[in-house]
Amino acid sequence: MPRLGLGVYKMTEPEEAYGAMEKAIQVGYKAIDTASLYNNEEQVGEAVKNASVSREELFITTKVWNTDQGYDETLRAFEKSLTKLNMDYIDLYLTHWPVVDKFKDTYRAIERLYDEKLIRATGVSNHEPHHLEALMATANIKPMVNQIELHPYLTQLENREFAQKHKIAITAWSPLGRGRVLEDAVINDVARKYNKSAAQIIIRWHLQNDIVVIPKSVTPSRIAENAQVFDFELSEEDLQLISALHRDERYGKHPDTFKFD
């Protein structure tokens, strides 16, 4: 699983979405993260089909939305996503949110898709440790990935420690805190020190904390800039400085209070 990918949430204008995905692949991104909810799986499929690199070199993630959860429902939703993506398989399929009384059956369907080699990896999104424990109590294959809101203002230590203990990869959605963290004075001081942008510093912080990161942008220059994070390394002191910005501040919903209806 590539450590850096393009998030495509809210890319609903087809031409703009396709352009962003095309640019990302051109500048070296090897992963695109979509979902049935995002309504742009077709554009992901087109971008992959027309890419200068082979399908096997790219890692495509999509997710089953809450209203499609349950065992049979998830299998049907997967078929729709596979058709829209125009692919033979998906690299990673995730439960989008842990819908009460359904998320275990949803994950059971994801296990079946893995057994049938229709997906290369199993996973979930927005799951707390107690959700993961409930899944792992009966699962034959534990989730390989948990995608959660994570940024310097919400460092998710408990979730990360649980994941590390159980060898579950963590992916950060909203890794730049919906842009709010970019204005932080500490981040900008560190950025000047390394002659990098605030976004590059935050992305690098994620990478050095062993977090997979999927920043979103439709601006070609920013898409390219966000990928230029492998030519420097933050010092341990600067990593700690950024981690200390944690204030338990969410910009999305909490999994335990999300309204599923």
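Where a number appears in this text, it was derived from the coordinates with a stated rule and is not lab data. In this text the structure is predicted, and so the values were computed from the model without any measurement. Glycine gets a Cβ as well: all are built from the backbone with ideal geometry, and neighbour counts include every protein chain shown.
Picking from A31, A139, A20, which is most flexible by a Gaussian network model of the chain using Cα springs under 10 Å? Result: A139 has the largest fluctuation of those listed.
Please say if the chain is rounded, prolate or oblate, where rounded means a/c under 1.5 for a ≥ b ≥ c the square roots of the C-alpha gyration tensor eigenvalues, and otherwise the choice is prolate for a/b larger than b/c and oblate otherwise? Verdict is oblate for the chain. Between T67 and F232, the simple label model (points 7 Å from Cα in the Cβ direction) yields a spacing of 4.5 nm. Could you calculate the FRET efficiency of R120 with Q208 from 1/(1 + (r/R0)^6), where r is the beta carbon distance between them and R0 is 25 Å, rounded to 0.05? Efficiency for this residue pair is about 0.45. Report note on the peptides 70-80, 49-59: ranked by the mean count of other C-beta atoms within 10 Å, highest first, their order is 70-80, 49-59. Across the range 1-68 the C-alpha pair distances fall into 10 Å bins from zero in the proportions 22, 57, 19, 1 percent. Couplings 3J(HN,Hα) for the range 203-218, derived from phi with the Karplus relation 6.51 cos²θ - 1.76 cosθ + 1.60 (θ = phi - 60°), are 4, 5, 4, 4, 4, 6, 9, 6, 10, 6, 10, 10, x, 10, 6, 10 Hz, where x marks Gly and Pro.
Using a 7 Å offset from the Cα along the Cα-to-Cβ direction at both F258 and L182, what is the distance between the two label points in nm, to one decimal? Those two pseudo-labels are separated by 2.5 nm.
Springs join every pair of Cα atoms under 10 Å in this Gaussian network model of the chain, and among G123, G45, G179 the largest mean-square fluctuation is at G179.
Here's how it looks for D91: its modeled amide H is under 5 Å from those of I60, R120, which are all 5 or more places away or on a different chain. Applying 1/(1 + (r/R0)^6) with r as the Cβ-Cβ distance of H130 and R247 and R0 = 30 angstrom yields a FRET efficiency of 0.85. Applying 1/(1 + (r/R0)^6) with R0 = 51 Å to the Cβ-Cβ distance of L239 and K49 gives a FRET efficiency near 0.85. With bins 10 Å wide beginning at 0, the percent of Cα pairs of the range 96-194 falling in each bin runs 14, 40, 26, 13, 7.
Neighbours of M144 by Cβ distance under 10 Å: Lys/Arg scored +1, Asp/Glu scored -1, total +3.
Our summary of shape: the Cα atoms of the range 47-161 have principal axis extents of 40, 36, 24 Å, ordered from largest down, in whole angstrom.
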